[in-house]
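Enquirer: Shown below is the structure under consideration.
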Amino acid sequence: MAHFERCKACGLVMIAGKYEICPACGVKKSAFEPFHDKVPHNRRIVLDLHIHPILVHFPQTISSILFTMLIGALILSGDFSEKLLHVADIMAYLLPISIPPAFLSGILDGFVRYKRLDTPYMIYKTLVGIILMLISIAIAIITFYGDSREIIFYNIFLTLLSLACQVYLGRVGARLMFGIMPGKLKWKDIFKMKKSSFTNLKK
Ligand SMILES: [Zn+2]
């Protein structure tokens, strides 16, 4: 099992004996202190893969490109505008495909990190994630059945909504990344909902 030390100046945790100065803030190793990781090794490995923060970049990128293509197609005209619409069509179909991996990895990350999924932040994130999924399906359906040019305004509106959902998810997610519950996991608790979680929601 690896031994760790922590930089007293900035809080960075690193493998013991590996650094002469803190690789993050640059103070000397005299400022390091021993660090005992209360999180079991197997949970730490899963979280250190950062699967969810990586996978959320796909829907973020796709909806940003979709939005840009739609705006471009609206402003410009002629052949180039048509080309942008073709790209927008492809993005509209890719978006709902890119969300489930991000969603499922978020469930995994949330559970491994906090050992439960029924807390206010987890519930908000799950609900907004579902709304995002529905919006992306709506965009794909509209794109499939509608005329590319006539549906521009609908899809710009829906893409903006999807971006707003993703900004919310990202902001809450960034806060959640700094926390972690110590101890082992009980996998049987994964979908156990407690009444207290709903009273907490009112706060
Ligand atoms: Zn440091």
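The values are calculated or read from the model by the stated rules, or taken from the named source; none is laboratory data. Keep in mind that this is a model prediction, so the values were computed, not measured. Positions of Cβ are generated from backbone atoms using ideal geometry, with glycine treated the same way; all protein chains shown enter the neighbour counts.
Enquirer: Within the stretch 22-48, track down each residue that is β-branched (Val, Ile, Thr) and in contact with a Lys or Arg (Cβ under 6 Å, 6 or more places away or on another chain).
Expert: Taking the stretch 22-48 as the starting set, the residues that turn out to be β-branched (Val, Ile, Thr) are 27, 39, 45-46.
Once the filter is applied, which keeps residues that are β-branched (Val, Ile, Thr) and in contact with a Lys or Arg (Cβ under 6 Å, 6 or more places away or on another chain), the stretch 22-48 yields nothing.
Enquirer: Sticking with this structure for a sec: Out of the stretch 10-21, which residues are within 29 Å of the chain's Cα centre (by Cα) and either surrounded by 15 or more Cβ atoms within 10 Å (Cβ to Cβ) or farther than 30 Å from residue 104 by Cβ (or both)?
Expert: Just the residues of the stretch 10-21 that are within 29 Å of the chain's Cα centre (by Cα), to begin with: 10-15.
10, 11, 12, 14, 15, listed by residue number.
Enquirer: Can I ask one more? May I ask you to list the residues in the stretch 22-48 that are in a loop (DSSP other than H, G, I, E, B) and either within 15 Å of the ligand (Cβ to nearest atom) or exposed (fewer than 12 other Cβ atoms within 10 Å of the Cβ) (or both)?
Expert: Of the residues in the stretch 22-48, the ones in a loop (DSSP other than H, G, I, E, B) are 22-27, 36-40.
Those that are in a loop (DSSP other than H, G, I, E, B) and either within 15 Å of the ligand (Cβ to nearest atom) or exposed (fewer than 12 other Cβ atoms within 10 Å of the Cβ) (or both): 22, 23, 24, 25, 26, 27, 36, 38.
Enquirer: Under 7 Å by Cβ, and 6 or more places apart or on different chains, what pairs join a residue from the stretch 96-125 that is more than 18 Å from residue 59 (Cβ to Cβ) with one that is β-branched (Val, Ile, Thr)?
Expert: 111/190; 112/46; 113/180; 117/107; 117/190; 121/172
Each row is one residue, and each column tells you yes or no for (1) surrounded by fewer than 14 Cβ atoms within 10 Å (Cβ to Cβ); (2) under 12 Å from the mean Cα position of the chain (by Cα); (3) at pLDDT 95 or above; (4) of a type in the set (Phe, Trp, Tyr).
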{"site": "127", "(1), (2), (3), (4)": "yes, no, yes, no"}
{"site": "154", "(1), (2), (3), (4)": "no, no, yes, yes"}
{"site": "159", "(1), (2), (3), (4)": "no, no, yes, no"}
{"site": "179", "(1), (2), (3), (4)": "yes, no, no, no"}
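Enquirer: May I ask you to verify whether residue 80 is closer than 19 Å to residue 165 by Cβ and away from the ligand (no atom under 16 Å from the Cβ)?
Expert: Numbers: closer than 19 Å to residue 165 by Cβ: no; away from the ligand (no atom under 16 Å from the Cβ): yes.
Spelling it out, it is not the case that residue 80 is closer than 19 Å to residue 165 by Cβ and away from the ligand (no atom under 16 Å from the Cβ).
Enquirer: Residues 77, 64, 105: which one is surrounded by fewer than 20 Cβ atoms within 10 Å (Cβ to Cβ), in the same structural domain as residue 172 (by TED's automatic domain parsing) and closer than 30 Å to residue 43 by Cβ?
Expert: Working: 77 fails: closer than 30 Å to residue 43 by Cβ; 64 fails: closer than 30 Å to residue 43 by Cβ.
None of the others qualify; the one that does is 105.
Enquirer: Separate question: Do we have residue 17 as among the small types (Gly, Ala, Ser) and either touching a Leu at 6+ places or on another chain (Cβ under 7 Å) or within 8 Å of the ligand (Cβ to nearest atom) (or both) here? Steps first, please.
Expert: Values: among the small types (Gly, Ala, Ser): yes; either touching a Leu at 6+ places or on another chain (Cβ under 7 Å) or within 8 Å of the ligand (Cβ to nearest atom) (or both): no.
No: the conditions fail for residue 17.
Enquirer: Another one. Would you be able to tell me the number of residues in the stretch 146-178 that are over 30 Å from residue 108 (Cβ atoms), free of Cβ contacts under 8 Å to residues at least 60 places away in the same chain and not in a helix (DSSP H, G or I)?
Expert: Number of matching residues: 4.
Enquirer: What are the residue pairs meeting all of these: first residue in the stretch 3-26, first residue at positive phi, second residue more than 6 Å from the ligand (Cβ to nearest atom) and part of a strand (DSSP E or B), Cβ atoms under 9 Å, and 6 or more apart or on different chains?
Expert: 17/5
Enquirer: Right, here's the next one. In this structure, is residue 82 over 29 Å from the mean Cα position of the chain (by Cα) and closer than 24 Å to residue 179 by Cα? Working first, answer last.
Expert: On the way: over 29 Å from the mean Cα position of the chain (by Cα): yes; closer than 24 Å to residue 179 by Cα: no.
No, not satisfied.
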